Structures are given as C-alpha cells and as structure tokens.
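Scroll down for the structure; my scribbles are underneath it.
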Amino acid sequence: MVADRALSAAQDADQPAPIAASAWNMGNILRETSYPAEALRVVDEAADLIRPHLENAPDDWRGIYGALQLHAAVTAAREGREGDAWRYWGKGDQVAKSLPASYVHPSTVFGQANVDFHAVSVDVDLKKAGRARRR
C-alpha cells in the first residue's frame, strides 16, 4: 500500500524521476508477490517515461533508468525469458558505463558493481549455475 501511494503521489506531481523510483519499488513488490507480468509492465512504463530525458539528464535520472533495466532483467530471467533478460541487462550495463566509474544511485545502489552482480543473478535465475559460478 505504501509503494502504491508513493507511485500515485509521484504521478500526481508529474515528475519522471520520482515516478521511476516509485515504479522500481512497486515492481520489486509485484515481482516478489508473484505478479511478474505486472512488475514488468510497471517498470517498462516508467522506463518509457524517463527515456526521452536521458541524453541531458542528471546522473541520478540515468541511474534510476539503469536500475529499472536491471529489475526487468531479473524479472524476465525468473520467468525463463533468457533473451529478454539479457537485453534488459545490456541496457543497464550501457547506462552504468555512461556514468562516472564511482557512481552509485542513492536509493537503488545502481552502478557498475551492481550491474556486474546482476549478471550473476540473471544466470542463477535462468538456472545457468556454471555460468554464474564463472562470473
């Protein structure tokens, strides 16, 4: 209920970055409560909203966009959608590489180390244990 209210408040304020951050939280709740399709819809819609602003956006806007991509990667992997999982992960990796090397998003901890960690998570969720161990 708190995540839903935060997302509604951000939408009412019509602020893309807070909407994206709230959607990231809501998506995590939906994924963990067995609503993966809904989780992907929420994070994809938020990513679509913030994407047009990325070229000139502050680092934290790009960071939340990258975090949404990693969220979607894990969600897709848990559903066995390997191609989608790696496509989302790749977008997150691109964002991380566009940010300063030491960058870490304040609420999602998105950054290059988080991207690297999520590669292991995607492999684990895809049941690719050998590949995950090599990472």
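A few remarks follow.
- Matching label, Kirkwood radius over Cα pairs in Å computed from the structure shown, candidates (i) 17.7; (ii) 16.1; (iii) 14.7: (iii)
- Surface composition of the range 1-72: carbon and sulfur make up 53 percent of the accessible area, probe 1.4 Å.
- Scanning the chain for long hydrophobic helices, with DSSP H runs required to stretch 27 angstrom or more by C-alpha along their axis and to average at least -0.5 on the Kyte-Doolittle scale, returns 59-78.
- Cross-link partners for LYS127 among the aspartates and glutamates, with Cα-Cα distance under 20 Å and sequence neighbours closer than 8 places in the same chain left out: GLU32, GLU79, GLU82, ASP84, ASP116.
- In the calculated pair-distance distribution of the range 47-122, the portion above 20 angstrom amounts to 23 percent of the Cα-Cα pairs.
The values are calculated or read from the model by the stated rules, or taken from the named source; none is laboratory data. Everything quoted here is computed from the prediction, not taken from an experiment. Calculation scope for accessible area: heavy atoms of the full protein, side chains included, ligands and nucleic acids excluded. Shrake-Rupley method; radii C 1.70, N 1.55, O 1.52, S 1.80 Å.
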